[in-house]
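The values are calculated or read from the model by the stated rules, or taken from the named source; none is laboratory data. Since the model is a prediction, treat every value here as computed from it, not as a measurement. Reconstructed Cβ throughout: ideal geometry from the backbone, glycine too, with neighbour counts over all protein chains shown. These accessible areas exclude ligands, DNA and RNA; they are computed on the full protein's heavy atoms, side chains included. Shrake-Rupley method; radii C 1.70, N 1.55, O 1.52, S 1.80 Å.
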Amino acid sequence: MDWKTHLIEDRRNLHQIPELGHEEHETQAYLRDALSQGGLDAHTVAKTGLMVEIPGRAPGARVAVRAEMDGLPLGEDTELAFRSRHPGRMHACGHDGHMAMALAVARRFQANPPQKGSVRFLFQPAEEQHPGGALDMIADGCLDGVDRIIGLHLQSPMPTGQAVLHAGAMMANSDRFRIVIHGRGGHASEPEATQDAVLIGSQLVAQLQTIVSRRVPATDPAVVTCGAFHAGSAANIIADTAEILGTVRTLSAQVQSQIAEEIQHMASTVAALYGAQAEVSYTPGYPAVINNAEVANLWASSLDGAIQLVDHPPIMGGEDFSHYLNRIPGAFLLLGARPQQYFPHHSPHFTIDEDALPIGVELLYRGVLALL
Ligand code: NI
């Protein structure tokens, strides 16, 4: 079987057995088997993850390639012959393709080892589940002795044949917050005896929208979204409490901590204005994906003729690849894989253009060679 057929077959086989984070047993067994058929002995890491190393002909740098393994808690609604065989589970983000590409690159290096240095492949569980499987991989020593790391993500909105690889910010810090206003409820006809949590919460939601428009530099992108507001029970009752749930997306650590402080400050100030109290919890999510400039530039310069690199602003989604990038130099690439009929990532109709897969293999292969 030629390598492209093998690649597509791996992707389709993996697509049929999606599993949730930390439960990737069948996926792990498939990968272990595929690697061992290629003469590669993989070690278990992070319980359901795998690590495998291919030494070169002479000592040198070690470069890691990372692929995520987990699917999503979603029932697949496509007509594909190779659709999910696991009810309520789906590879709706492209991680099946990431694993298949990493396998293909591993086979290529196994058949033809690098002149010097070594390549390490990291198959990582639980990317979709905060706090993310990357931390488990790192705790298990996956980055020990690694000089540089690369990874990529298929992007269904982006045309096949295009990719984004910046020196700098690729994806955002994605944090969450929860605010509870503790007021004093009472009779709707007697507001003077209450602290109206609905009013205070409403003022606060409006006030929070001034953080991005009036407190943060316009040159440093940020999003503050209040996604949920829960309060009250009846028309003639003034609510005792109100709960606001939201998310914050930022690119710089500076703006991230500024916004966390502003939320705290505004919540307590607005509540105090009415004699009430606000309780704020702010939970940092995945850090921003910031590519190392040297690695990104070296990788990009090796891609001539293989892909069209396009300029694209950072996307405000999150990825736990950032945990690796915060420890060693590396770069993350976004690879266009737009199918004829496009559906967003995490949709039950999601699919990718498989023509992007051999392109991704070539990009990863060249990246490793350029960095060794
Ligand atoms: Ni993903």
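For labels at HIS25 and SER301 in the simple 7 Å Cα→Cβ model, what's the distance in nm?
4.9
Given a Förster radius of 51 Å and the C-beta distance between ALA206 and HIS86 as r, what FRET efficiency does 1/(1 + (r/R0)^6) yield to the nearest 0.05? Intermediate results must be reported in sequence, preceding the final value.
Details: r = 44 Å, r/R0 = 0.87.
The calculated FRET efficiency here is 0.70.
Can you tell me the dipole magnitude for the stretch 173-285 around its Cα centre, using point charges on the Cβ only (Lys, Arg +1; Asp, Glu -1), in Debye to the nearest 20? Could the numbers behind the result be given before it?
Working: 6 positive and 10 negative charges, 64 e Å.
Dipole size: approximately 300 debye.
What figure, in Å² to the nearest 10, do you get for the accessible area of ASP147 with a 1.4 Å probe and non-protein molecules left out?
Using a 1.4 Å probe on the heavy atoms, I get roughly 80 Å².
With the cut-off at 1.5 for a/c, could you classify the chain from its C-alpha gyration tensor as rounded, prolate or oblate? If you can, show how the numbers build up before the last one.
Values: a/c = 2.46, a/b = 1.98, b/c = 1.24.
It is prolate, given that a/c is not under 1.5 and a/b is the larger ratio.
With +1 on each Lys and Arg Cβ and -1 on each Asp and Glu Cβ, and nothing else charged, work out how big the dipole of the chain is about its Cα centre, in Debye to the nearest 20. Show your work: numbers first, answer last.
On the way: 25 positive and 41 negative charges, 171 e Å.
Taking the Cα centre of the chain as origin, the dipole is about 820 debye.
Sort THR194, THR27 by heavy-atom solvent-accessible area, probe 1.4 angstrom, most to least. Working shown, then result.
On the way: THR194 20, THR27 0 Å².
Of THR194, THR27, the descending order of accessible area is THR194, THR27.
Rounded to whole Hz and in sequence order, give me ³J(HN,Hα) for the stretch 40-55 from the Karplus expression 6.51 cos²θ - 1.76 cosθ + 1.60, θ = phi - 60°, writing x for Gly and Pro.
10, 9, 9, 9, 6, 9, 6, 6, 10, x, 9, 9, 9, 10, 10, x
Can you give me the distance in nm between label points at ALA139 and ALA234, each placed 7 Å from the Cα along the Cα-to-Cβ direction?
4.9
If you count only protein heavy atoms with a 1.4 Å probe, what accessible area per residue comes out for the stretch 173-285, rounded to a whole Å²? Please report the intermediate quantities before stating the final value.
Numbers: 5910 Å² over 113 residues.
On a per-residue basis, 52 Å².
What is the gain in length, in nm to one decimal, between TRP3 and ALA293 on full extension, counting 0.36 nm per residue of separation less the C-alpha to C-alpha distance? Don't skip to the end; give the middle numbers.
Details: separation 290, 0.36 × 290 = 104.40 nm, distance 3.19 nm.
Length gained between TRP3 and ALA293: 101.2 nm.
Ordered by residue, what ³J(HN,Hα) values in Hz, to whole numbers, does the stretch 261-275 give under the Karplus form 6.51 cos²θ - 1.76 cosθ + 1.60, where θ = phi - 60° and Gly and Pro are x?
5, 4, 4, 4, 5, 5, 4, 6, 5, 5, 5, 5, 4, 10, x
I want the local charge near PHE121. Using Cβ-Cβ distances under 13 Å, sum +1 for each Lys or Arg and -1 for each Asp or Glu among the other residues.
Working: positive: ARG32, ARG62, ARG66, ARG107, ARG108, ARG120; negative: ASP41, GLU53, GLU68.
Computed value for this residue: +3.
Determine the distance separating the Cα centre of the stretch 1-69 from the Cα centre of the stretch 82-108; give it in Å without decimals.
10
Quick one: Karplus J couplings for the stretch 115-120, per residue in order, coefficients 6.51, -1.76, 1.60, θ = phi - 60°, nearest Hz, x for Gly and Pro?
Running phi through 6.51 cos²θ - 1.76 cosθ + 1.60 with θ = phi - 60° gives 4, 8, x, 8, 10, 10 Hz.
For SER36 paired with ALA58, estimate the spin-label separation in nm (one decimal), with each label point 7 Å from Cα along the Cα-to-Cβ line.
Inter-label distance under the simple model: 3.5 nm.
For LEU369 and ASP355, compute 0.36 nm times the residue count separating them, minus their Cα-Cα distance, and round to one decimal in nm. Each step should come with its number before you reach the end.
On the way: separation 14, 0.36 × 14 = 5.04 nm, distance 2.26 nm.
This chain segment gains 2.8 nm when fully extended.
Under the rule of -39500 (n - 2.57) per DSSP H run of 4 or more residues, summed and divided by the residues of the chain, what mean residue ellipticity at 222 nm is obtained, to the nearest 500 deg cm²/dmol? Show your work: numbers first, answer last.
Numbers: 9 runs with 114 residues, N = 372.
Calculated from helices alone, the mean residue ellipticity at 222 nm is -9500 deg cm²/dmol.
Compute the signed sum of charges (Lys and Arg +1, Asp and Glu -1) over the other residues within less than 13 Å, Cβ to Cβ, of HIS25. Walk me through the intermediate numbers first.
On the way: positive: ARG32, LYS47, ARG89; negative: GLU19, GLU23, GLU24, GLU26, ASP33, ASP70.
Residues near HIS25 contribute -3 overall.
Considering only the chain, what is the antiparallel percent among its DSSP beta bridges, to the nearest 5? Numbers along the way, then the final one.
Values: 43 of 64 bridges.
Around 65 percent antiparallel, to the nearest 5.
Compare the peptides 69-75, 8-14 by average per-residue count of other Cβ atoms within 10 angstrom and give them in order, highest first. Don't skip to the answer; put the middle values down first.
On the way: 69-75: 21.0, 8-14: 19.3.
Result, highest mean Cβ count within 10 Å first: 69-75, 8-14.
Can you tell me the FRET efficiency between LEU273 and ASN326 if r is taken as the Cβ-Cβ distance and R0 is 45 Å, rounded to the nearest 0.05? Display every interim value, and only then the final one.
Working: r = 39 Å, r/R0 = 0.87.
It comes out at approximately 0.70.
Counting only other residues whose beta carbon sits under 11 Å from that of ALA172, what net charge do I get with K and R as +1, D and E as -1?
Numbers: positive: ARG249; negative: ASP175, GLU319.
Here the charged neighbours net out to -1.
Work out the charge dipole of the stretch 173-285 with +1 on the Cβ of Lys and Arg and -1 on the Cβ of Asp and Glu about the Cα centre, then indicate which of GLN195, GLN254, ALA272 is farthest towards its positive end.
GLN254
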